[in-house]
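Structure, as structure tokens:
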Amino acid sequence: MSSDIVIHPVTNKSQRKSFVELAYRLYKNDPHWVPPLKSETYALLNPKKNPFFEHAKVQLFLAEKDGLPVGRISAHIDYLALEQPVEQGLGPGTGNWGLLEAEDEATASRLIDTAEKWLKEEGMDRIIAPMSLSVWDEPGLLTTGQDHSPTVMMGHHKAEYQGWIESRGYNNVKELVTYHLPIQDGLPPLIDRIVKSGERNGKLKLRKVDKSHFDRDAKIIMNILNDAWSDNWGFVPLTDHEIDHVGVKLKPIVYENLIMIAELEGKPVAFMMTLPDLNDRTKDMNGSLLPFNWVKLLWWLKFPKSPTMRVPLMGVVKELQNSRLASQMAFMMIEYIRREAVAKYGATRGEIGWILDDNKGMVAIADAIESKINRVYTLYEKAI
């Protein structure tokens, strides 16, 4: 009975540990779940380590039954999101919840009710969810693609969660999609011709990221990103501290020949970031680097081999968007990185995304290289 469920705000280390550990029990028999490194999850929830907390208010809730954890949820308000235009999806009065995990529908319902009550008491009148925690982390609920494991920094959720959430009056507001692409045999002939045409443009230069100047190139990429995505649905600008934090977090899995910056007459105007799929290496570690998993991970980071490459981020400055040059630069970066990924990392497939389902430019690029949607993450909204 739902009346036996007790919901506690997380206020101490013991409850925080139960909050984190719950997912490892609920998914232990799911062959497609990739246990995140627990250190990463604790860091995500730590106000001293995650700069998201500098512009957000977060409350975690833990559900218990007979003294045992049976569910969890976060409720949070991103004050930078409240400043965004309403027509871009967020804006004034919009709060979020996320990190939902539950043993059963009754528990999920109680947790969602609790998050809604907290957000309403904080002055919110609308919810976009799930958001775990920021739009830059793992937004959306996996609604298509539970039959294969997610790539690095992507979420995985139980199929029944969709019905549980929708039964609480939540409506689909946006879909985020990822595209699967076999990469061993190259891109379609039309793309090859576009790439060769771009190579004849003397004003255009594509270069690899330089790890000896990592901080410089990381800031270039993030500044392009803030400009390129600024009109996108759900956009919230990254702060300077968040840009620095992302750089530190990604540096261990950054490889110079997998990230490119395009320069037009010497000015950075576009980038493409590709990451080898760390999940291939960590899937069997059950979230822990002890006792010897840290050695395996360090070795892999030094000599990475991965059948899968993920493209989490691409961007072209706004002034060039919707131009032929924008798509040409995208195809050139995709092809150059594809060659490196196959030859030096043993990659056989790529995954691009997430991409907003109505981002016509990126959808057109994905279609042109003959990639196919393999995962869909759904964001829901509800008035409260």
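We did not get these values from a lab; they are worked out from the coordinates using the rules stated. Note that the coordinates shown come from a computational prediction; the quantities given were computed from them, not determined experimentally. Cβ placement follows ideal geometry from the backbone for every residue including glycine, while neighbour counts extend to all protein chains displayed.
Converting phi to 3J(HN,Hα) with the Karplus coefficients 6.51, -1.76 and 1.60 and the offset θ = phi - 60°, the stretch 92-101 yields x, x, 9, x, 9, 10, x, 6, 6, 9 Hz in sequence order, with x at every glycine or proline. The gain in end-to-end length when the E121 to N172 segment is fully stretched comes to 15.9 nm, 0.36 nm per residue minus the alpha carbon separation.
Each residue of the stretch 343-360 is assigned a 3J(HN,Hα), and the resulting list reads 6, 10, 10, x, 6, 10, 9, x, 10, 10, x, 7, 10, 4, 4, 10, 7, 4 Hz, derived from the Karplus form 6.51 cos²θ - 1.76 cosθ + 1.60 (θ = phi - 60°), x at Gly and Pro. Amide H to amide H, with H built 1.01 Å from N, L278 comes under 5 Å of V152, counting only residues 5 or more places away or on other chains. Among beta bridges from DSSP that stay inside the chain, the antiparallel ones total about 90%. A straight chain from R339 to F214 at 0.36 nm per residue would run longer than the Cα-Cα distance by 42.7 nm. Across the stretch 141-270, counting alpha-carbon atoms alone, Rg and Dmax equal 19.1, 57 Å.
The Cβ shell under 12 Å around K17 holds other residues with a net charge of +3, Lys and Arg each +1, Asp and Glu each -1.
Which whole-number percentage describes the relative contact order of the stretch 2-175, with Cα contacts under 8 Å and a sequence gap of 6 or more? Walk me through the numbers on the way to the answer.
Working: 267 pairs, mean separation 35.3, N = 174.
This gives 20 percent for the stretch 2-175.
Any chance you could check the Cα centroid distance between the stretch 159-213 and the stretch 122-152 for me, in angstrom? So the two Cα centres are separated by 19 Å. Across all Cα atoms of the stretch 2-175, the radius of gyration (one decimal) and Dmax (whole number) stand at 15.3, 45 Å. Under a no-solvent Debye model with one identical scatterer per Cα of the stretch 77-219, what's log10 I(q)/I(0) at q = 0.21 Å⁻¹? Scattering profile of the stretch 77-219, log10 relative to I(0): -1.31.
If you add up the charges near P47, with Lys and Arg at +1 and Asp and Glu at -1, over every other residue whose beta carbon is less than 11 angstrom from its beta carbon, what do you get? Please list the in-between numbers first.
On the way: positive: K48, K49, K57; negative: E54.
Result for the neighbourhood of P47: +2.
How tilted is helix 105-121 with respect to the longest principal axis of the chain? Cα atoms for both, answer in degrees (0 to 90, nearest 10). Helix 105-121 sits roughly 80 degrees off the main axis of the chain.
Radius of gyration over Kirkwood radius for the chain, both on Cα atoms: the Rg/Rh ratio is 0.97. Taking the charge dipole of the stretch 2-175 about its Cα centre, with +1 at Lys and Arg Cβ atoms and -1 at Asp and Glu Cβ atoms, the residue from G145, L62, L119 reaching farthest to the positive side is L62. Altogether, the Stokes-Einstein calculation at 37 °C and 0.692 mPa s, with the Kirkwood radius of the stretch 1-94 over Cα pairs as Rh, returns a diffusion coefficient of 215 µm²/s. Whole-Hz Karplus values for the stretch 13-26 come out as 5, 5, 5, 5, 4, 4, 4, 6, 5, 4, 4, 5, 7, 5 Hz, taken residue by residue from phi with 6.51 cos²θ - 1.76 cosθ + 1.60 and θ = phi - 60°; glycine and proline positions read x.
Add -39500 (n - 2.57) for each DSSP H run of 4 or more in the chain, then divide by its residues: what number comes out at 222 nm, to the nearest 500 deg cm²/dmol? Show your work: numbers first, answer last.
Numbers: 12 runs with 131 residues, N = 384.
That calculation yields -10500 deg cm²/dmol at 222 nm.
Of all the C-alpha pairs in the stretch 253-378, what % are more than 16 Å from each other? When every Cα pair of the stretch 253-378 is considered, 66 percent fall beyond 16 Å.
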